[in-house]
Amino acid sequence: MDKKRGSFSNKMGFVLAAAGSAVGLGNLWRFPYLAAKYGGGIFLLVYLILAVTLGFTLMITEIAIGRKTGLSAVGAFKALDKRFKFVGYLACVVPFVITPYYCVIGGWVIKYFVTFLTGDVAAAAGDEYFNGFISQTASPVFWFALYVIITAVVVIFGVEKGIEKASRIMMPLLVVLIVGVSVFCITRPGAMEGVKYYLLPDFSKFSATTVLAAMGQLFYSMSLAMGIMITYGSYMKKDCNLEKSVRQIEIFDTAIAFLAGLMIIPSVFVFSGGDEAALGKGPSLMFVTLPKVFEDMTLGGVIGTVFFLLVLFAALTSSISLLETNVSIIRDKLGWSRKKATITVTIYVLVLGAIVSLGFGPLSFIKIIGLGLLDFFDFLSNSVLMPIVAILTCICIGHFIGSKVVSDEVELNGAFKFKKFYNIMLKWIAPICLILILVFAVSEAMGWITV
Ligand code: PHE
């Protein structure tokens with residue numbers, strides 16, 4: 001970001017920009033596959049509870065300290081208390097872990113867009129199409145590299161504004177299309193089973209892992225616990241209502257994720273059988289399921305093409321915000337020019353991302369704690385690093401710096417409606433729950449305990 005700190009021109013500007021960063025593959029690709037895998041309704045319920053408690057607490061904290069200090073993560077923590085600069089540094093690691101593999105998925109989206117554009121719908125709907133594609137060597141790396149280059153060009157030339165403008169048209173269109181496709185899906189024969197699975201919680205499927213998965217997803221989807229919302233906050237005007245903005249971003253982000261689930265999960269029941277294997281597909285779920293839906297639809301080829309184009313846009317606004325964050329971290333630290341920093345980060349993303357992409361093909365023998373490369377990086381950022389950053393944020397602000405920095409900042413715009421609730425959440429409930437869940441889930445992943 002440029003040296004001079006601009007701010008968003010109008011009140012909606014902040015919410016839209018933050019929502020542009022928040023709404024992306026996390027909502028459209030990641031949320032549905034996790035919900036499918038972790039028991040449907042129970043995952044949805046846990047996610048919603050976490051969104052209004054933990055999500056609210058963290059987002060308001062991050063945006064408030066950003067706006068108060070006018071600085072990004074490292075500077076903000078340092079300005080509040082020198083001892084906690086390291087929390088800022090730790091937060092900065094997260095976007096470096098996420099960006100490479102995020103762009104791998106971005107590459108898959110371009111590939112599907114092009115496949116639909118060239119009329120290959122029937123091929124894309126085939127059972128083995130997705131695996132056949134990602135297990136190749138050159139093709140997925142090519143689409144990934146193209147995706148990275150598009151993102152980098154936007155960041156180098158600083159034309160985010162153009163993308164943001166375009167996404168103001170694209171986002172509402174995406175919402176309309178998702179609603180349309182969901183209606184189509186849930187009216188197919190057999191879909192009701194899927195709707196029930198998605199909406200009715202089955203408590204026997206509840207475990208610590210469900211909570212950890214939902215929590216990691218919450219951070220990821222709302223761009224929390226990685227310093228991004230602190231930076232966004234630093235650009236927010238003082239007269240913009242902080243509490244209300246947080247609520248708007250949360251509602252918007254959650255609504256899109258919810259709808260994406262409503263579009264994909266019933267489809268799994270209609271087109272792929274609702275058995276465990278079909279539901280537990282993981283990262284491939286959206287790519288395997290949606291082409292079957294479009295193939296079944298009149299004008300599905302056209303609708304699918306438009307759909308993947310809109311997903312691509314939503315993904316780009318997020319990866320641009322990720323890359324931009326990496327670039328500004330490097331620039332703040334090393335004082336490099338925008339161009340030099342962007343090119344260096346892009347090379348890093350290209351190298352690490354290519355390795356992740358090959359993890360589905362020639363490098364598929366590499367397993368770390370039993371996970372393939374993409375799943376490993378995803379686990380590392382969402383289930384380990386982000387919870388740790390979140391815990392430290394709560395403890396530092398709640399117990400050392402004092403939640404007053406946040407509430408004073410919120411109260412610049414009138415009463416802080418949920419102040420009491422916020423204080424208890426920040427000081428006690430959030431950190432204690434976070435620590436418990438992190439310990440449980442990591443022990444489980446490492447095989448130290450079996451639940
Ligand atoms: N929140 C984005 C999504 O849901 C991902 C993201 C994370 C974007 C961090 C920017 C920064 O896809």
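The table below gives the values:
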{"quantity": "Which listed residue, of 308, 271, 313, is open to solvent by 30 Å² or more (accessible area, probe 1.4 Å) and either under 16 Å from the mean Cα position of the chain (by Cα) or within 16 Å of the ligand (Cβ to nearest atom) (or both)", "calculated": "313"}
{"quantity": "Residues being surrounded by fewer than 22 Cβ atoms within 10 Å (Cβ to Cβ) and not aromatic (Phe, Trp, Tyr) - total across the stretch 75-89", "calculated": "7"}
{"quantity": "Residue 278 within 21 Å of residue 168 (Cβ to Cβ) and either in contact (Cβ under 8 Å) with a residue 40 or more places away in the chain or assigned to a helix (DSSP H, G or I) (or both)", "calculated": "no"}
{"quantity": "Any hit, the stretch 378-388, residues being open to solvent by less than 50 Å² (accessible area, probe 1.4 Å) and part of a loop (DSSP other than H, G, I, E, B)", "calculated": "no"}
{"quantity": "Every residue from the stretch 329-355 that is of a type in the set (Ser, Thr, Tyr), touching a residue at least 12 places away in the same chain (Cβ under 8 Å) and surrounded by fewer than 21 Cβ atoms within 10 Å (Cβ to Cβ)", "calculated": "344, 348"}
{"quantity": "Any pair with Cβ under 8 angstrom, 6 or more apart, that starts in the stretch 183-205 at a residue that is part of a loop (DSSP other than H, G, I, E, B) and ends at one that is surrounded by fewer than 17 Cβ atoms within 10 Å (Cβ to Cβ) and at pLDDT below 95", "calculated": "188/296"}
{"quantity": "Flag if residue 402 is over 27 Å from the mean Cα position of the chain (by Cα), small (Gly, Ala, Ser), open to solvent by 10 Å² or more (accessible area, probe 1.4 Å) and modelled with pLDDT of 95 or more", "calculated": "yes"}
{"quantity": "Count of the stretch 36-78 residues which are touching a residue at least 12 places away in the same chain (Cβ under 8 Å), part of a helix (DSSP H, G or I) and of a type outside the set (A, V, I, L, M, F, W, C)", "calculated": "13"}
{"quantity": "Count - residues of the stretch 39-62 that are among the polar types (S, T, N, Q) and touching a Leu at 6+ places or on another chain (Cβ under 7 Å)", "calculated": "2"}
{"quantity": "Options 123, 166: the member that is under 24 Å from the mean Cα position of the chain (by Cα) and either surrounded by fewer than 19 Cβ atoms within 10 Å (Cβ to Cβ) or part of a helix (DSSP H, G or I) (or both)", "calculated": "166"}
{"quantity": "Near pairs, Cβ below 9 angstrom, 6+ apart or cross-chain, from the stretch 358-372 (part of a loop (DSSP other than H, G, I, E, B)) to any residue that is among the charged types (D, E, K, R)", "calculated": "359/375"}
{"quantity": "Residue 337 vs. criteria among the small types (Gly, Ala, Ser), on the phi < 0 side of the Ramachandran plot, more than 16 Å from the ligand (Cβ to nearest atom) and at pLDDT below 95", "calculated": "yes"}
{"quantity": "When residues of the stretch 9-34 are limited to those that are among the aliphatic types (A, V, I, L, M) and away from the ligand (no atom under 14 Å from the Cβ), the one least open to solvent (accessible area, probe 1.4 Å)", "calculated": "15"}
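The values are calculated or read from the model by the stated rules, or taken from the named source; none is laboratory data. None of the values given here were measured: they were computed from a predicted structure. Note: ideal-geometry Cβ built from the backbone for every residue, glycine included; neighbour counts use all protein chains shown. Calculation scope for accessible area: heavy atoms of the full protein, side chains included, ligands and nucleic acids excluded. Shrake-Rupley method; radii C 1.70, N 1.55, O 1.52, S 1.80 Å.
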